[in-house]
Amino acid sequence: MNPTDFESVISVKELDFFYGQSQALFDINMEVPKHQVTAFIGPSGCGKSTFLRCFNRMNDLVGDVSITGSLILDDYIDINHKDQDPIQLRRRIGMIFQKSNPFPKSIYENVVYGLRIAGQGKKSVLNEVVETSLKKAALWDEVKDRLHTSAMGLSGGQMQRLCIARAIAVNPEILLMDEPCSALDPKSTARIEELILDLRGDYTIIIVTHNMQQASRVSDYTAFFFEGKLIEFGETGQIFTKPSLKQTEDYITGRFG
Amino acid sequence: MLNSNPGIVKGRFWREGEAFIWLSSIGVGMILLIIGTLLFVIVKNGFVAFWPHSLALVETNSGEYYLGEIKQTTLHPHTGEERIQLKVGNRELYSLDFKWIQSKTISRITYPKEAVAIERTEYGNFYGFIQGYQSPLTGAEPVQGPNVLERIEPSFTEEVQVLARLNEEIKSVAVEMESLRRKILKAQYEGENHAAIEAEQRVLREHFDLLLEAQGKQHTVLSQYQVLLRDAEGTTKTLPLSHVVRQYQPNQMGLFAKLSHYLAHLWELFFDEPRESNTEGGLFPAIIGTVMLVLTMSLFSFPMGVVAAVYMKEYASPGFLLQTIRIAVNNLAGIPSIVWGIFGLSFFIYTIGSGIDQIFYPEQLPTPTFGTGGILWASLTLALLTVPVVIVATEEALGGVPSDVRHGSLALGATKFQTLMKVTLPMASPRIITGFILAMSRAAGEVAPLMITGVVKLAPALPIDGTFPFIHLERKFMHLGFHIYDVGFQSPNVEAAKPMVFVTTLLLLSIVILLSSTSIILRNKIRKRYQAKAF
């Protein structure tokens, strides 16, 4: 069930995940295709968000969790190894959250935040990064005249695009998106989806979504999760038109979930 | 059919909780009423204290005369007869400042234009009439006339300035001598030769004695300037001009004159030393002491509280121990402040202070330097007292920062510390500052712990002055809160001190309001900057 006709960037092997005593993910094996968009779909509580957070070790922040198995980045970096510095990792793997979470600073400072904490203070570099990142995030034209005003004055959709700009400003290879459009109106959602399609090719994108149409619109590959297990993984077209498993078909056609 | 309209519902009053809304609004009303009354009394009495009152000459049926300010008209609690309270002043003549006179015994009340009120350096106010002046210029006999004072004033002022210069010099020589004395003590303690210093001391001592002699002479010169006074009864009295702080004739003062008199008094209040065991004069040392105490307290309390709260909220792993600490911190706020005072006395003063003395000032012993009450120890004691407020407020503030934003920072590769410094603390700062404001108000009003950790009725020197090292944290200090207690309840003449108590209270309140409104403005500025939209 694992398609292998693509270049893989992260390979997940026998991943088990526990919140305290209860197991949330069971024996996940998959390859994440490089420079493609992969969508994780599945009903609420199926573990897709938990799985996403394994890629940049955000689960570390939760406290009582344990994880076995491995996620190998670029064939040699073991993401889950206890000596692996999550700080270095998170600079390579950016994340966009369900709720847009800009810092209560200016738009400019939001974008350069990641660079500043990494020690980059050169004005010329920062200015350039702000422009390119905001352009990539399709926000430049809307905010170029008010870069130094508070990011809190932006609309919900603009805030989410600012968060995307902020994430790509540190030049990551992978972008994790955890239901990035669930709090946005259809118009803003469409803009974000457009943006995802634009970013594809430069970045490896993993997007968790509840919205089946969205998954079919933006992703190249789709993984269906159910009750902590990876049920089916394949090319989006194939998953949505002729899924190989009955369970996947039932979910996609809306018979449950 | 009855009740056919479903929109009409009976018993709304109770179901909607109307009664409880009323009850809670009554609660708010009561609080407002109490605060309002308190503020009204303080403000009213505090503001009128310095206004020049007219002097009434009261003539009784039995032919007695009294001159003074009518303070109040009341009914006698037992006989029910009307009576007036007159502030007659002249304490050295009548021994009491106040006199009750029954209204029915009064035959006449007049307001003579030439009646004069004199504020003196001792014995309180004098109310009476000026008979004349005596000075070396005008000869041995007192001279009357409208412009005598103008004639003698220039030379008198000159002599006063001579004395002031002398006093200034004496003060600086005294400081020098004190430092020499310390040097000698130190040399003695370390067994070094100190003959040279002693020689220096002898020279200085001779200079000092000469200065003292000159000062004595100058006092004699000044005592030749006298004012001859007569009270309402006709008793005459001479008063050295140098004892006169201010003289005015309230019965012929216009509004403008009264206003300038009032402002002069305010100036004195803010910038002068107290007189007459604190019941008159200014509050300058107490204002400085209070402000410095609160600021020094903040310097210790705020960083300590914030750091502790950050550790508890952000780094310590939650569990039984942390919960116990949290409860303990909350309970610290409930310890009676006098207990903190005792702790401050035994720990800071007797343990740390004495330790410092033994290590750094052994030659001074047994005279303590740090081993006695001082503004440093009082500030530290107050810091302990207020640190729970800061901790609780900071913890709540940190808890109020949405975790989305923290995660956003961490996901960008920030460390926990970077997130704290760049995102969490700035976002929490408005609410942390609210905690500071509460702590500051609490500290400014606290008196009990100060009484045993360094506050005094009259401090010889300010804790901040022009001599090196400029800030003297070991010094004792004066405090407005203690001043209220001291003037209002410990002074020999409580009735006369009443205006001062109100003024001091008003001033303390104003300082607290000033300090906290500064912080509130600061907080609102920061809050506007970090205003989170739709979180």
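Things to note:
- Considering only Cα atoms, the convex hull volume of region B:262-410 works out to 208 Å³ per residue.
- Zero-based 20 Å bins, Cα pair distances in the protein assembly as shown, whole percents: 12, 28, 25, 19, 12, 4, 0
- In degrees, nearest ten, helix B:320-332 long axis to first principal axis of chain B (Cα): 20
- Largest first, the three principal axis extents of the alpha carbons in chain B are 101, 94, 42 Å in whole numbers.
- Inter-chain neighbour count for A:98-107: the average number of beta-carbon atoms from partner chains within 10 Å of each residue's beta-carbon is 6.
- Local charge for B:N45 was computed over the other residues whose Cβ lies under 15 Å away, with Lys and Arg +1 and Asp and Glu -1, and equals +2.
- Annotation: amide H of B:G282 within the under-5 Å range of B:D272, B:E273, B:R275, sequence separation 5 or more or interchain, hydrogens built in the peptide plane.
- Over region B:284-529 - Rg/Rh using Cα atoms and the Kirkwood inverse-distance radius: 1.04
- Shown in residue order for region B:352-363 are the 3J(HN,Hα) couplings computed by the Karplus curve 6.51 cos²θ - 1.76 cosθ + 1.60 at θ = phi - 60°: 6, x, 5, x, 4, 4, 5, 8, 9, 10, x, 6 Hz (x for Gly and Pro).
- Cβ-based net charge around B:I521, under 12 Å, with every Lys or Arg adding one and every Asp or Glu removing one: +4
- Around B:L93: net Lys/Arg minus Asp/Glu count, Cβ-Cβ under 9 Å: -1
- Relative frequency of Cα-Cα separations exceeding 20 Å in region B:56-127, percent: 31
- Note that region B:376-479 presents 34 Å² accessible area per residue, ligands and nucleic acids not counted, probe 1.4 Å.
- Expressed as a whole percent, the proportion of Cα-Cα pairs in region B:295-337 lying more than 15 Å apart is 54%.
- Between chain A and chain B, the total buried accessible area stands at approximately 2000 Å², from heavy atoms with a 1.4 Å probe.
- Rounded tilt (10° steps) of B:494-529 against the dominant C-alpha axis of chain B: 40
- Put simply, when B:359-368, A:34-43, B:502-511 are sorted by average Cβ atoms within 10 angstrom per residue, most first, you get A:34-43, B:502-511, B:359-368.
- Ranked order, B:S441, B:S516 - accessible area, probe 1.4 Å, largest first: B:S441, B:S516
- Cα-based shape type of region A:158-221, given that a ≥ b ≥ c are square roots of the gyration tensor eigenvalues and the cut on a/c is 1.5: oblate
- The packing ranking of peptides A:223-230, B:64-71, B:371-378, highest mean first, is B:371-378, A:223-230, B:64-71, where packing means the average number of other beta carbon atoms within 10 angstrom of each residue.
- Diffusion constant of chain A at 4 °C, which comes from Stokes-Einstein with the Kirkwood Cα-pair radius and 1.567 mPa s, µm²/s: 69
- Calculated P(r) of region B:205-314 - Cα pairs past 16 Å, %: 79
- Global geometry of region B:51-191, whether rounded, prolate or oblate, following the gyration tensor of its Cα atoms and the 1.5 cut on a/c: oblate
- Packing-based ranking of B:309-318, A:168-177 yields A:168-177, B:309-318, ordered from highest to lowest mean Cβ neighbour count within 10 Å.
The values are calculated or read from the model by the stated rules, or taken from the named source; none is laboratory data. All figures in this text were calculated on a predicted structure; none of them were measured in a lab. Methodologically, a virtual Cβ is constructed for each residue, glycine included, from the backbone with ideal geometry; neighbour enumeration extends over all protein chains shown. The accessibility values were calculated without ligands, DNA or RNA, using every heavy atom of the protein model including side chains. Shrake-Rupley method; radii C 1.70, N 1.55, O 1.52, S 1.80 Å.
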